[in-house]
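Presented below is the structure to which this report refers.
The values are calculated or read from the model by the stated rules, or taken from the named source; none is laboratory data. Bear in mind that the values here come from a model prediction, so they are computed numbers and not experimental data. Reconstructed Cβ throughout: ideal geometry from the backbone, glycine too, with neighbour counts over all protein chains shown.
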Amino acid sequence: MKKILLILVLVSSIFLFTACPLPGPPEPTLLQCVTAEHGWKLAGGTITPAYQTADGENITDLMDFLSACEKDDVIYFDDNGVERIKTNARCAEGQGLQDAEIKTLWRLDNAGTPNFIYMQLPFFYEYDDEGNVLGLDLKTENCKMIDITKDEFQLIYTDSSEAGTYKFNMIFRDPKKVDSYK
């Protein structure tokens, strides 16, 4: 009888201790996701309505609109409010910034449950009269936060100008998880 009782206690304890999984690491906070150490690289996006280029082409895929040197920039949001944009060497002279790190500021509209992030977009430039890039347009843009995880960040930026109103729906990812662009 003691053996049966001992076996029942052992079997019960095995089920008791294996029934509940051990808790995993806690999910990162929104601020931890934004300030992820890996930074953020543009992985894709759309423009609505279609944007008409100077040569009359209608473009809805943001990646078709940008040059290769604009697609390889990585954005880092530091927790002290500094935004760093690291450009890479793919830009020809006058086409973008080569191997530079531009610093500007970023912030959330509400630290608890933000709807917007105020940031510099890496593909907005200032140009000279001949169309050569002088530098980044350091104006802070108001971007609606759609979704963010530790690996993906989705934003919508609305641009209103004489040309019309356009929505840029952008997806940024961990740079290691973004295909290289040609």
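Summary of computed values
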quantity	calculated
Residues (within 21 Å of Ile102 (Cα to Cα), at pLDDT 90 or above and buried (at least 16 other Cβ atoms within 10 Å of the Cβ)) located in the range 34-70	Val34, Thr35, Ala36, Gly39, Trp40, Lys41, Leu42, Ala43
Unique residue being exposed (fewer than 13 other Cβ atoms within 10 Å of the Cβ), modelled with pLDDT under 90 and in a loop (DSSP other than H, G, I, E, B) when the list is Leu22, Leu16, Leu5, Leu10	Leu22
From Asp128, Asp109, residue being acidic (Asp, Glu) and modelled with pLDDT of 90 or more	Asp109
Selection status of Asp73, modelled with pLDDT of 85 or more and out of contact with any Phe, Trp or Tyr (no Cβ under 9 Å at 6 or more places or on another chain)	no
